[in-house]
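Right, one structure below, let's go through it.
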Amino acid sequence: MGLFIAQLLTGLANAGALFMVASGLSLIFGVTRIVNFAHGSFYMLGAYVGYTLMQVLPGAFGFWGAILLTGVVVGLVGVIVEILVLRPVYRAPELFQLVATFGVILVIQDLALMIWGPQDLLGPRAPGLKGIVRIMGEPVPKYDLALIAITPFVALALWWLIARTRVGILVRAATQDREMVGALGVNQSWLFTGVFFLGCALAGLGGAVQLPKGGADLLMDFNILASIFVVVVIGGMGSLPGAYLAAVLVSVLNVFGVTYLPQSTLVLMFVVMALVLMIRPYGLLGREEVAGDHGQSGEPERPIKPAGARVRLIVAAGLAVLAVVPLLAPSWIAILATDILIFCLFAASLHFLLGLGGLVSFGHAAFFGGGAYVAALLVAHAGTPMELALLLAPLGAGLLAMIIGWVCLRLTGVYFAMLTLAFAQLLWSLAYQWGEVTGGDDGLVDIWPPDWATSNLVFFYLTLVLCIGGILALRHAAHAPFGYALRAARDSARQAEATGIHTRAVQWVAFALAGAMAGLAGGLFVFAKGSVFPNELEITRSFDALIVVFLGGVKTLSGGVVGGAVFESAKDMLTRFEYWRLALGLTIIAVVVLAPEGIVGGLRRLGERIGLLRPSEQET
Amino acid sequence: MLELAQINSFYGKAHVLRALSLQVSRGQVVALLGRNGAGKTTTLKSIMQLVVPRSGRVRFNGADITGWPAHRVARAGLGYVPEERRIFTDLTVLENLEVGRQKPRQDAAIWSRDALFELFPNLAERRHNRGRDLSGGEQQMLSIARTLMGNPSCVLLDEPSEGIAPVIIEDMARAIVQLRDQGLTVLLSEQNLHFARAVASRAVVLDRGTTRFSGSFADLDASPEIRDAWLSV
Ligand SMILES: Nc1ncnc2c1ncn2[C@@H]1O[C@H](COP(=O)(O)OP(=O)(O)O)[C@@H](O)[C@H]1O
Ligand SMILES: [Mg+2]
């Protein structure tokens with residue numbers, strides 16, 4: 001009994017920081033309709049800034065003062081980000097905003113590395129609250145009790161702000177209809193900035209307040225991101241009481257999980273979330289979300305046509321070059337080209353889902369990594385030959401996509417996006433925690449192609465054939481009646497239903513096909529590298545693909561492929577620099593703000609301008 | 001006071017307002033008439049800059065407001081009551097009014113909540129109810145009252161009589177007449193000719209985004225061909 005209560009208290013204490021961060025995300029989303037992916041970064045920043053301030057300010061007064069000051073500092077950083085990065089993209093499709101905030105994540109990661117260095121920082125103890133008290137014989141840290149006491153006050157203050165002040169009334173009004181709020185004379189820009197300040201300040205507070213328990217490190221941003229999403233999805237987007245309830249639920253579950261199911265703490269969280277969503281699709285206290293833009297807005301899209309003769313010729317020539325060059329060049333070229341091809345297929349599969357289906361999946365790595373693990377597990381545990389493994393990888397990933405898609409496609413918009421991300425994290429935690437089977441953090445190694453394909457060159461040709469085949473299959477599906485049905489479902493689900501298209505079924509098939517192709521890429525990846533690790537399932541993997549699709553241009557068919565090629569070669573060069581994340585992040589932000597049509601869209605416009613392409617045959 | 005000169009407005013590629021010109025002088029109540037889809041709503045949105053005209057100018061109190069953000073237009077003294085009312089359903093009546101509150105202006109009447117509850121007595125009893133619990137007529141009143149909280153010198157009303165019970169329509173007409181008598185300038189769009197006649201002194205008939213007629217109701221009655229061609233009576 002004592003242990004039970006002690007654990008309950010630990011869970012409640014952990015819920016504090018989680019609630020602060022999640023409510024910040026929820027507030028920002030409510031008013032600006034932006035899912036701030038950089039929210040975890042503001043949390044991390046809060047921990048670092050708080051650490052520094054606590055070094056400078058002395059005593060108990062200094063400790064608590066530092067926490068409050070951290071909230072202000074991080075809030076101000078949020079204001080800078082809002083003004084420089086987000087203002088230009090408020091009217092852009094969701095994907096642009098997501099990519100912009102992802103650029104912010106990268107920039108903050110490297111800035112933190114520059115300022116505070118790579119080593120983990122141990123948080124200072126709270127003055128006067130060191131040590132423990134015994135409750136029914138069990139030790140409970142005093143600081144935990146302080147957190148349990150403080151959190152309701154933060155929640156109450158927040159509630160008062162939202163429910164009782166003019167700012168709060170405007171925030172709630174804008175959450176429902178921000179255009180109308182503007183037409184009534186309220187300057188939305190400052191309202192948005194104000195909300196961003198508040199949301200980021202909350203994240204910063206969360207980061208600072210957990211310092212004595214967790215310290216500061218460079219992985220905090222992604223580590224908390226999945227938890228915030230789970231909390232927001234379980235609690236209901238935009239509901240503060242929901243966020244509190246869910247934060248407590250998740251934290252308490254985690255603590256008990258560590259004791260009773262140490263193998264599956266991470267998995268537990270997602271299982272609970274899936275259960276809640278089955279019963280209440282919009283969270284415990286949430287309300288149905290009005291579907292927004294799914295990556296499509298602005299000018300109507302140019303019709304997609306099969307490539308014209310000239311374009312086909314160019315593509316054929318390009319392929320011929322691609323096939324010949326590795327023969328003549330040094331062998332690292334063949335290795336790099338293999339990587340690029342694999343990544344192109346991965347990106348193309350996401351592009352298919354996103355561009356044609358309007359389904360913004362944040363967890364596409366689930367299928368890339370899924371395919372990779374299917375192949376690797378078959379080889380490692382069953383001695384399956386590569387040929388069969390490469391067949392079963394896409395099948396396995398496709399099956400996985402059918403299961404995950406069945407759940408996720410019940411929701412739309414941000415909920416769909418967060419749910420896909422959460423499922424990818426679930427797979428990641430499985431791979432990470434189920435050590436006996438997956439090798440855990442050590443991964444599965446020594447998975448090489450059979451003798452006939454060990455040469456880099458041969459494997460490159462194998463990859464070339466399979467990847468080009470996969471990309472052509474996706475293109476073929478796009479031009480087939482199925483592709484039209486998919487786009488109809490994207491543009492107007494209701495009209496599509498009226499013409500007899502079963503939209504969810506069409507989307508489900510698309511999800512499975514995209515998953516299978518990502519799985520094929522994953523399978524090839526395993527044999528190219530000879531190993532697989534859980535990071536093939538990580539958030540960053542999913543984001544890589546999203547960025548590529550975005551860079552290539554969502555509204556062009558070739559965007560995924562071109563973006564993939566550019567990204568993978570750029571990364572190969574960039575990662576040699578120490579602060580490559582900073583460079584990549586700034587590049588991404590610049591592209592979002594300056595060239596929102598992506599590479600293919602931008603080139604196409606350029607081509608039209610200088611007369612290389614006639615406006616009638618641009619679409620490829 | 002309010003002048004539209006050669007406005008062209010679009011939704012994407014659809015050309016909706018075609019070289020539309022229109023004037024409203026201070027203290028006037030003007031009714032914008034026309035069939036469904038004639039462009040009445042788009043005209044009002046083009047004044048508020050919720051739809052920014054691609055060419056032409058909108059002038060208000062001598063200032064060229066074309067291209068201003070909507071909140072600046074509102075702060076210049078233009079109040080907008082949208083067709084769908086767009087009250088905040090999660091907020092109470094009092095909170096809805098709070099959203100509309102702006103600083104007093106010298107050239108316009110200053111409204112308080114109590115004065116508005118006098119104008120719309122139904123709202124007074126419902127002050128703590130949420131927007132979603134109001135009837136259609138009450139929502140319309142709230143939408144007007146919310147806009148008046150900004151102390152506008154000119155109000156744009158989009159079909160104030162649409163979808164409201166006949167008894168309430170009379171209340172609504174009375175309220176608008178009262179506002180007119182206090183010197184408020186009003187531009188309202190209407191399909192209900194009877195209602196328009198009761199509150200407005202001048203009629204402007206729109207069809208396919210251009211003005212077909214502009215004059216007194218007596219002149220409108222004297223030209224039945226206009227009524228038959230451009231109005232659905
Ligand atoms: N959001 C919109 N997008 C595209 N077309 C619109 C939109 N709103 C209105 N229209 C079109 O513009 C024309 C004028 O509409 P509107 O101004 O609403 O007319 P009214 O208010 O007189 O009924 C109509 O043909 C309508 O179909
Ligand atoms: Mg209308």
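The values are calculated or read from the model by the stated rules, or taken from the named source; none is laboratory data. Quantities reported herein were computed from a predicted structural model and do not represent experimental measurements. Here the Cβ is made from the backbone with ideal geometry for all residues, glycine too, and neighbour counts use every protein chain on show. The protein model used for the area step is the full one, side chains on, heavy atoms only, and it has no ligands, DNA or RNA in it. Shrake-Rupley method; radii C 1.70, N 1.55, O 1.52, S 1.80 Å.
Figures for the structure shown
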{"quantity": "Between 0 and 90°, nearest 10: helix A:598-610 axis offset from chain A longest Cα axis", "calculated": "50"}
{"quantity": "Long-range amide H partners of A:LEU285 with built H, under 5 Å", "calculated": "A:GLY236"}
{"quantity": "For chain B, alpha-carbon Rg and Dmax in angstrom", "calculated": "17.0, 50"}
{"quantity": "Point-to-point label distance, B:GLN106-A:ASP441, nm (Cα→Cβ direction, 7 Å offset)", "calculated": "7.2"}
{"quantity": "Computed Rg/Rh of region A:420-524, alpha carbon atoms with Kirkwood Rh", "calculated": "1.12"}
{"quantity": "Long-range HN-HN contacts of B:TRP111 with modeled amide H, under 5 Å", "calculated": "B:ASN151"}
{"quantity": "Cα gyration tensor shape of the protein assembly as shown, rounded if a/c is under 1.5, else prolate or oblate by comparing a/b with b/c", "calculated": "oblate"}
{"quantity": "Gain on full stretching of the segment that runs from B:ASP133 to B:GLN6 - 0.36 nm per residue minus C-alpha separation", "calculated": "41.5 nm"}
{"quantity": "Partner chain coverage, peptide A:172-182 - average Cβ within 10 angstrom", "calculated": "6"}
{"quantity": "Rounded if a/c under 1.5, otherwise prolate or oblate - region A:354-537, Cα gyration tensor axes", "calculated": "oblate"}
{"quantity": "C-alpha long axis of helix A:413-433 to longest principal axis of chain A, angle in °", "calculated": "90"}
{"quantity": "Mean Cβ neighbour count within 10 Å, used as a protection proxy, ranking B:33-44, A:464-475 highest first", "calculated": "B:33-44, A:464-475"}
{"quantity": "Estimated FRET transfer efficiency when R0 is 60 angstrom, pair A:ILE150-A:ILE333 (beta carbons, to 0.05)", "calculated": "0.55"}
{"quantity": "Cβ-based charge dipole, the protein assembly as shown, positive-most Cα from A:PHE459, B:LEU33, A:LEU147", "calculated": "B:LEU33"}
{"quantity": "Accessible carbon and sulfur surface of the protein assembly as shown relative to its total accessible area, %, 1.4 Å", "calculated": "64"}
{"quantity": "Global geometry of region B:1-52, whether rounded, prolate or oblate, following the gyration tensor of its Cα atoms and the 1.5 cut on a/c", "calculated": "prolate"}
{"quantity": "Per-peptide average of other Cβ atoms within 10 Å, ordering A:423-433, B:20-30, A:188-198 highest first", "calculated": "A:423-433, A:188-198, B:20-30"}
{"quantity": "Chains B and A together, accessible area buried on both sides, 1.4 angstrom probe, square angstrom", "calculated": "1900"}
{"quantity": "Net dipole in debye of chain A [+1 Lys, Arg Cβ; -1 Asp, Glu Cβ; about Cα centre; nearest 20]", "calculated": "1320"}
{"quantity": "Residue-averaged beta-carbon neighbours from other chains (10 angstrom radius) around B:78-90", "calculated": "3"}
{"quantity": "Accessible area (Å², per residue) of region A:354-537, counting only protein heavy atoms and a probe of 1.4 Å", "calculated": "38"}
{"quantity": "Kyte-Doolittle mean at least 0.0, axial Cα span of 20 Å or more - DSSP H helices of chain B", "calculated": "B:166-181"}
{"quantity": "Chain A: calculated mean residue ellipticity at 222 nm from DSSP helix runs of at least 4, using -39500 (n - 2.57)", "calculated": "-24000 deg cm²/dmol"}
{"quantity": "Point-charge dipole on Cβ atoms (K/R +1, D/E -1) for region A:394-511, about Cα centre, debye to 20", "calculated": "800"}
{"quantity": "Rounded tilt (10° steps) of A:309-328 against the dominant C-alpha axis of chain A", "calculated": "80"}
{"quantity": "Extension gain (nm, one decimal) between A:LEU122 and A:ARG91, 0.36 nm per residue minus Cα-Cα", "calculated": "7.0 nm"}
{"quantity": "Karplus (6.51, -1.76, 1.60) ³J(HN,Hα), θ = phi - 60°, over region B:187-201, in Hz, Gly and Pro reported as x", "calculated": "10, 10, 9, 8, 10, 8, 4, 4, 4, 4, 4, 5, 10, 9, 9"}
{"quantity": "Computed accessible area, B:ASP171, all protein chains, 1.4 angstrom probe, square angstrom", "calculated": "60"}
{"quantity": "Selected from B:LEU134, A:ALA126, A:LEU76, residue furthest toward positive end of dipole (the protein assembly as shown; charges at beta carbon)", "calculated": "B:LEU134"}
